[in-house]
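Submitted below is the structure of interest, expressed as structure tokens.
The values are calculated or read from the model by the stated rules, or taken from the named source; none is laboratory data. Model, not experiment: these values are computed from the prediction. So basically every Cβ, Gly included, is an ideal-geometry build from the backbone, and we count neighbours across all protein chains shown. Keep in mind that these areas ignore ligands, DNA and RNA; they rest on the heavy atoms of the full protein, side chains included. Shrake-Rupley method; radii C 1.70, N 1.55, O 1.52, S 1.80 Å.
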Amino acid sequence: MKNKSHFVIGNWKLNPNSTQEASSLYQAIQVPEKLKGQIFICPPAIYLSDLQHNQKSNSPQLCAQNLSQYNAGAYTGEISAAMLANAKITHTLIGHSERRSLFAESNDIVSEKVKAALEQKITPIICVGETEAERTAHQTDEVIQSQLTALKAVLAGCTENICFAYEPVWAIGTGKTCSAEEANRVCALIERFWTEKIEASFGFSVLYGGSVKANNAPELLAQQSIGGVLVGGASLIISEFQGIIAAAANAQDANAPLGQQVLR
Ligand code: PEP
């Protein structure tokens, strides 16, 4: 049987509006002992330090939502990998579909950001996924492979543990979930890309994201190739998010007899 971790990563996007709200939301999340190191919250960057200073032993880890591909200089509004590393932030999302579509992040920019993160020993959680039009045109596999191929050069020789999130764009924030079977199929394709096509030297997990809720998390997390979930809207509702964490704990019991792995 495969020894697999079950990560749950909550992406708060542009919410909430105040440090107080962020803090009470964060403090309400309880991470069970067996999932330590596997539950993350990605708050807006302005809250990272405050939440970090109020972390308890059962609090989620913290992850940035984005970082700059640039290290320093005249780049107004950006946050560098070194700034995150110096603030002891160890993980970051990269290439979320909202960054790709609303902020024109191309595959090249995503690669530069992955490079910047790895140089500072920050673990990238790299998002890939097809649009609705691409799915309808039966281009899902091709799109995923091209997004992964664009990362080949920057990941060559990487020996860290990293993370990929399959997030079909049409399922993000829409309430339309990819079926567990199809999500598993694409996550398996990502797995095979790095293990068979490329023979990557890094360790990795593949997560699914797109309208994950407490009621669909158990089926998704039971899939062989899904190593966790990336959650948007439901991560802002404590009962939902805690339900997803419980599903991850159950999936881990069922699937990981050899114990816990930590994404770092
Ligand atoms: C996301 O933001 O990555 C996401 C998957 O959002 P939602 O869960 O709301 O679809």
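Could you check how much of the accessible area of the chain is carbon and sulfur, as a whole percent, using a 1.4 Å probe?
Within the chain, the accessible surface is 51 percent carbon and sulfur.
Additional query: Can you compute the helix-only [θ] at 222 nm over the chain? Use -39500 (n - 2.57) per DSSP H run of at least 4 residues, normalise by all residues, nearest 500 deg cm²/dmol.
Value at 222 nm, helices only, nearest 500: -10000 deg cm²/dmol.
What length, rounded to one decimal in nm, is gained on full extension from Arg192 through to Thr19, with 0.36 nm per residue of separation minus their alpha-carbon distance?
Result: 58.1 nm gained on full extension.
Using a 10 angstrom Cβ neighbour count of at most 16 plus a DSSP loop assignment to flag exposed chymotrypsin sites (Phe, Trp or Tyr not before Pro), which longest range of the chain is free of such sites?
Here the longest run is 104-201.
Using only the alpha-carbon atoms of region 1-85, report the extent along each of the three principal axes, biggest first, to the nearest angstrom.
49, 35, 20
Could you list the square roots of 5 times each eigenvalue of the Cα gyration tensor of the chain, that is, the equivalent ellipsoid semi-axes, sorted largest first and rounded to whole Å?
Over the Cα atoms of the chain, the ellipsoid semi-axes are 24, 23, 18 Å.
Amide H neighbours of Thr123 under 5 Å, counting only residues 5+ apart in sequence or on other chains, H built in-plane at 1.01 Å?
Amide H neighbours of Thr123: His91, Thr92.
Can you give the % of DSSP beta bridges in region 123-264 that are antiparallel, to the nearest 5?
0 percent
List the GluC sites (Glu not before Pro) in region 67-160 that DSSP assigns to loop (not H, G, I, E or B) and whose Cβ has at most 15 other Cβ atoms within 10 Å. Which are they?
Glu78
Work out how much length Asn161 to Gln139 would gain on full extension: take 0.36 nm times their residue separation and subtract the Cα-Cα distance, in nm to one decimal.
Gain on stretching Asn161 to Gln139: 5.1 nm.
How much of the DSSP beta bridge set in the chain is antiparallel, as a percent to the nearest 5?
0 percent
Might you report the magnitude of the Cβ-based charge dipole of the chain about its Cα centre, with Lys and Arg at +1 and Asp and Glu at -1, to the nearest 20 debye?
With only Lys, Arg, Asp and Glu charged at Cβ, the dipole is about 560 debye.
Need the full-extension length gain, Ala82 to Ala246, defined as separation in residues times 0.36 nm minus the C-alpha distance. One decimal, nm.
Extending this stretch completely gives an extra 55.6 nm.
Given the C-alpha centroids of region 4-18 and region 113-179, what is the distance between them in whole angstrom?
Each part's Cα centre sits 17 Å from the other's.
Could you tell me the extents of region 122-192's C-alpha atoms along the three principal axes, largest first, rounded to whole Å?
36, 21, 19
Hey, with R₀ at 30 Å, roughly what FRET efficiency would Tyr75 and Asn54 work out to, going by the Cβ-Cβ distance, to 0.05?
0.50
Number of Lys pairs in the chain with C-alpha atoms less than 22 angstrom apart, excluding same-chain neighbours closer than eight positions?
So the count works out to 28.
What accessible area per residue, rounded to a whole number of Å², is obtained for the chain using a probe radius of 1.4 Å?
About 44 Å² of surface per residue is accessible.
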